[in-house]
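Below you'll find the structure, written out as structure tokens, and then a few comments.
The values are calculated or read from the model by the stated rules, or taken from the named source; none is laboratory data. Everything numeric in this text was worked out from a predicted model, so none of it was measured. All Cβ positions, glycine included, derive from the backbone under ideal geometry; neighbour counts span all protein chains shown.
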């Protein structure tokens, strides 16, 4: 803009801050101009030579508004002394003259037409980026795997299958009961992540044991980019604006909700994490949690919630109340039945108290599924390896199918087996039968038997000699001291100077220098003493982990141990380290002492024996050796020779311990070896029988329902294909360049991002001030916690898509095109239209619209070149135009452009009805078919909830209604002139 052309009173709009509204020239001083923005109460000073301003000129026929609020139509525009005078007509036909400085300042130019004719013209490459952003976002969100691929997790079939099935339901209520090490926390995180991204859930409450609070907090952020608010009493008091010693206000009379007007800390965030004891230990906090609205409640280590017909623990009662209020519920436990069928029934009762109301009826129902299980076994035995094989269904199978399926379904399967594929027919039959399995819809349990990828265990026993005198003296102590002899050695001074296990541990650590070693012992004081001894006396890089530390200190110790470059070689943990923590990066576990509880031993080993463990696990067990066997040695023998608990997962350990507890305690304290020899023989026989019964009685229906291999592998394949797609880095590079975000190569498949000095937006979504190191490679992300894993679901990428597609960014442009068939001076208009419906996110209408982004490329004769000149091809041919020249072109061609835009809208209008009709068909096929399926299942499977069917019916009706009100909107326009 030149000084001669600028006059006080003219109206301009800021190209960089359009939200300020219509500005007015207040003063011109030398090479600067002062612009006031009355709507925003702001004033800006610009250099005349570089002012990012566009002159606002309305034309006859446009509707404008006076600053007094009256809307008028422009009839004529007169220029007087550099300013414009608008001759207008009011709604009742009265003439009114309005100087431009009296125009309403509360004007937002966001629509493409408005911005184009107001001179707000973006770069041509920004227009292209906008179009691609629209197309990419729809493609990503329409994927059946949307919400599953963005987590920093390995692509494990059993986890992804469960997450896909459960997260697709309305308000899912399930018990995740995978065996130890199979990744229940990851499954729960995937379910929550997908529910949030798809709009099915907005608010979630997670309840965990105290010891796992920070692990959940860190894991949800590190793996799923979910930032939880951790609530404890101190944090709640702070949110309420009260001191720690402040008095608690009275509860409401009904005792169900906080008093009116009271601040509820549980409503301060969408994602809340707190301990089970915190909720159960305060009636006030429980009431506040109940008063908040939760879409999803997650409870970890649910077996700690104790219930019996006679009574229940405070934690169980608290969760029971919350479970009634929350729409969805996920219970996590690795031992659904090990605590007894009654305890197992108690978990199911939380999921659906109306369905699971009577323990005796539940037990009887479970037995009734045996014929169904046997039939599925027969089908599996007859399932051919080749999908091409065709044959008749065996007659005996067909006869048994009649007990569970109608004749039409059986005949359809028989035709498929005979004419298409026997394998496909059997798979379909099994799917139908599994849907009918009672608890299969609410209880999901994968076992190590059915999941590959677990390491081998190798036992290393060490006989550490002690004198006969010390052995006799130790044997005279109570059994507790014999198994944990630190107190015995303490009588001679500092126990760690006399206990030969300490020197043995020192030597083992030195022998395995450079290898990570986890040491677990029963007592926190023992752990501290061992850590001090190894660190101070022998310079070993150690960390300690015990119940006397606060949660943050424990997390720091675990992180120090996990650091592969400068971290601790040894982590020494008390028993609190045997539950919940994952240290599968280590392969050596020292059992400094042995617990009496077999389940606790399995928990200890489970810290290393987890899915994803890369190497063989080495279990190091030291026991005293003298002329008589020590209690430690006897217990190690019973575990190894009796129940085989060291080298294999011991599912029957708890049952064996209950069966032989008294005899085991007697044999451990006996002077001779014979009682233990006899006990081991009996225990081994009992274990063999029990394992055989367990194998025969495995709930194969449940296991099959928890992971259907074909479907699970299809999900994995789809996500692996997405991981290998190079489109994300290419797209992100263009976007970051457009917003002036700095980035540089870090290593292969990884970048370092930094906020730029001249970013278009600050802060940039998902980018911290300190910068971000990112990788596009899943394997690299899994091995490097310091890198963020970028996928289409990452907050930075989603924020980028929203920043472009949901603002006016790039919705206008002007460019030149050199193409021999086109005469120089040929004017063309490229328009992008979007089928828009303001439907709630949870309806996911975008999944059913096949072409929500439509493009038209017209010349002045109305010929459409969109099919000939694709977006990618056109982008390579276009050249940018200086802003001033672009504004001048639009101003001179305004009448033609208006006519061409109208023609483009007329041309695209018929496609709206086609897209709506197509979307309705897709809805009927997807949701309508699922409604019918669930109705049929509900006749035979009481776990199909009425509210689930009702929700799907409502979703279908609402989706159809919103589609009927969908509109086709001009999203972006680019003016092209042939040269």
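Within region 874-978, considering only helices (runs of 4 or more DSSP H) that don't extend past its boundaries, which have at least 2 residues that are touching a helix residue (DSSP H, G or I) at 6+ places or on another chain (Cβ under 7 Å), closer than 17 Å to residue 847 by Cβ and in contact (Cβ under 8 Å) with a residue 12 or more places away in the chain? Give the steps one after another, and end with the answer.
On the way: elements: 883-892, 894-923, 929-938, 946-964.
Per the criteria, 894-923, 929-938, 946-964.
Taking the condition of being crowded, with 19+ Cβ neighbours inside 10 Å and either part of a helix (DSSP H, G or I) or more than 38 Å from the chain's Cα centre (by Cα) (or both), how many residues in region 612-653 meet it?
19
Of all residues being outside any loop (DSSP other than H, G, I, E, B) and in contact with a helix residue (DSSP H, G or I) (Cβ under 7 Å, 6 or more places away or on another chain) in region 284-296, which is nearest to residue 169 (Cα to Cα)? Just the residue, please. I'd like the intermediate steps shown before the answer.
Restricting attention to region 284-296, the residues satisfying the condition of being outside any loop (DSSP other than H, G, I, E, B) are 284-291, 296.
Of the ones still in play, those that are also in contact with a helix residue (DSSP H, G or I) (Cβ under 7 Å, 6 or more places away or on another chain) are 285-286, 288-290, 296.
On the way: 285: 30, 286: 27, 288: 27, 289: 24, 290: 23, 296: 12 Å.
Once the filter is applied, the top-ranked residue is 296.
Does residue 730 fit the bill of being closer than 24 Å to residue 875 by Cβ and touching a residue at least 12 places away in the same chain (Cβ under 8 Å)? Before the answer, list the steps.
Numbers: closer than 24 Å to residue 875 by Cβ: yes; touching a residue at least 12 places away in the same chain (Cβ under 8 Å): no.
In short, no.
So is residue 331 surrounded by 13 or more Cβ atoms within 10 Å (Cβ to Cβ) and either part of a helix (DSSP H, G or I) or free of Cβ contacts under 8 Å to residues at least 40 places away in the same chain (or both) or not?
Working: surrounded by 13 or more Cβ atoms within 10 Å (Cβ to Cβ): yes; either part of a helix (DSSP H, G or I) or free of Cβ contacts under 8 Å to residues at least 40 places away in the same chain (or both): no.
Here the answer is no, as residue 331 does not meet what is asked.
With the condition kept exactly as written, say whether any residue in region 37-60 is over 28 Å from residue 762 (Cα atoms), surrounded by 15 or more Cβ atoms within 10 Å (Cβ to Cβ) and either modelled with pLDDT of 90 or more or within 47 Å of the chain's Cα centre (by Cα) (or both). Break it down stepwise before answering.
Going residue by residue through region 37-60, those that are over 28 Å from residue 762 (Cα atoms) are 57-60.
If we keep only those that are surrounded by 15 or more Cβ atoms within 10 Å (Cβ to Cβ) as well, we get 57-58.
Then drop every residue that is not either modelled with pLDDT of 90 or more or within 47 Å of the chain's Cα centre (by Cα) (or both), which leaves none.
The answer is no, given that none of the residues of region 37-60 is over 28 Å from residue 762 (Cα atoms), surrounded by 15 or more Cβ atoms within 10 Å (Cβ to Cβ) and either modelled with pLDDT of 90 or more or within 47 Å of the chain's Cα centre (by Cα) (or both).
Mind listing whichever residues of region 172-193 are surrounded by fewer than 24 Cβ atoms within 10 Å (Cβ to Cβ), closer than 21 Å to residue 320 by Cβ and under 16 Å from the mean Cα position of the chain (by Cα)?
If the condition is that a residue be surrounded by fewer than 24 Cβ atoms within 10 Å (Cβ to Cβ), closer than 21 Å to residue 320 by Cβ and under 16 Å from the mean Cα position of the chain (by Cα), then 172 is the only one that fits.
Name the helices (runs of 4 or more DSSP H) wholly inside region 669-735 in which the number of residues that are closer than 30 Å to residue 132 by Cα and at pLDDT 85 or above is 1 or more. Reasoning before the result, please.
Details: elements: 674-696, 700-706, 709-723.
It comes to 709-723.
With the requirement that a residue be over 17 Å from residue 532 (Cα atoms) and either out of contact with any helix residue (DSSP H, G or I) (no Cβ under 9 Å at 6 or more places or on another chain) or not in a loop (DSSP other than H, G, I, E, B) (or both), what does region 567-589 give you? Walk me through how you get there before you give the answer.
Let us first name the residues in region 567-589 that are over 17 Å from residue 532 (Cα atoms), namely 575-589.
The answer is 575, 576, 577, 578, 584, 587, 588, 589.
What's the number of the only condition in (1) closer than 17 Å to residue 715 by Cβ; (2) more than 10 Å from the chain's Cα centre (by Cα); (3) touching a residue at least 40 places away in the same chain (Cβ under 8 Å) that residue 168 fails to meet?
Unmet for residue 168, out of (1) closer than 17 Å to residue 715 by Cβ; (2) more than 10 Å from the chain's Cα centre (by Cα); (3) touching a residue at least 40 places away in the same chain (Cβ under 8 Å): (3).
State which residue is surrounded by the most Cβ atoms within 10 Å (Cβ to Cβ) when the search covers only region 297-317 and only residues that are under 25 Å from the mean Cα position of the chain (by Cα) and not in a strand (DSSP E or B). Explain how you work it out, then say what you get.
Taking region 297-317 first, the residues under 25 Å from the mean Cα position of the chain (by Cα) are 297-303.
Pick out the ones that are also not in a strand (DSSP E or B) and you get 300-303.
On the way: 300: 22, 301: 20, 302: 27, 303: 19.
Per the criteria, the residue is 302.
Considering only region 810-832, how many residues are surrounded by 22 or more Cβ atoms within 10 Å (Cβ to Cβ) and assigned to a loop (DSSP other than H, G, I, E, B)?
Qualifying residue count for the region: 2.
How about region 887-898: which of its residues are over 11 Å from residue 116 (Cβ atoms) and surrounded by 14 or more Cβ atoms within 10 Å (Cβ to Cβ)?
So in region 887-898, the residues over 11 Å from residue 116 (Cβ atoms) come out as 888, 892, 895-896.
Residue satisfying the conditions is 888 alone.
Looking at (1) surrounded by 14 or more Cβ atoms within 10 Å (Cβ to Cβ); (2) modelled with pLDDT under 80, which is the one condition that is false for residue 452?
(1)
All but one of (1) more than 30 Å from residue 888 (Cα to Cα); (2) assigned to a loop (DSSP other than H, G, I, E, B); (3) modelled with pLDDT under 95 hold for residue 780; state the number of the condition that does not hold.
With respect to (1) more than 30 Å from residue 888 (Cα to Cα); (2) assigned to a loop (DSSP other than H, G, I, E, B); (3) modelled with pLDDT under 95, residue 780 is out only on (2).
Scan region 412-440 and report the pairs whose first residue is over 25 Å from residue 942 (Cβ atoms) and not assigned by TED's automatic domain parsing to the domain that holds residue 379 and whose second residue is modelled with pLDDT of 90 or more and buried (at least 17 other Cβ atoms within 10 Å of the Cβ), with Cβ atoms within less than 6 Å and a gap of 6+ or a chain change.
From residues that are over 25 Å from residue 942 (Cβ atoms) and not assigned by TED's automatic domain parsing to the domain that holds residue 379, there are no pairs.
Scan region 428-449 and give yes if some residue there is more than 30 Å from residue 593 (Cα to Cα), surrounded by 16 or more Cβ atoms within 10 Å (Cβ to Cβ) and modelled with pLDDT of 85 or more, otherwise no. Step through it out loud before you land on a result.
Keep residues of region 428-449 that are more than 30 Å from residue 593 (Cα to Cα), which gives 428-446.
Now drop any that are not surrounded by 16 or more Cβ atoms within 10 Å (Cβ to Cβ), which leaves 428-430, 432-446.
With the extra rule that they be modelled with pLDDT of 85 or more, the set shrinks to 428-429.
Scanning region 428-449, I find at least one residue that is more than 30 Å from residue 593 (Cα to Cα), surrounded by 16 or more Cβ atoms within 10 Å (Cβ to Cβ) and modelled with pLDDT of 85 or more, so the answer is yes.
May I ask you to verify whether residue 293 is at pLDDT 85 or above, within 36 Å of the chain's Cα centre (by Cα) and on the phi < 0 side of the Ramachandran plot? Break it down into steps so the answer makes sense when it comes.
Numbers: at pLDDT 85 or above: yes; within 36 Å of the chain's Cα centre (by Cα): yes; on the phi < 0 side of the Ramachandran plot: yes.
Yes.
So which residues in region 535-555 are closer than 22 Å to residue 483 by Cα and surrounded by 17 or more Cβ atoms within 10 Å (Cβ to Cβ)?
544, 545, 546, listed by residue number.
For (1) in a loop (DSSP other than H, G, I, E, B); (2) more than 30 Å from residue 167 (Cβ to Cβ); (3) at pLDDT 75 or above, each residue gets a yes or a no:
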{"position": "346", "(1), (2), (3)": "no, no, yes"}
{"position": "360", "(1), (2), (3)": "no, yes, yes"}
{"position": "372", "(1), (2), (3)": "no, no, yes"}
{"position": "384", "(1), (2), (3)": "yes, yes, yes"}
{"position": "387", "(1), (2), (3)": "yes, no, yes"}
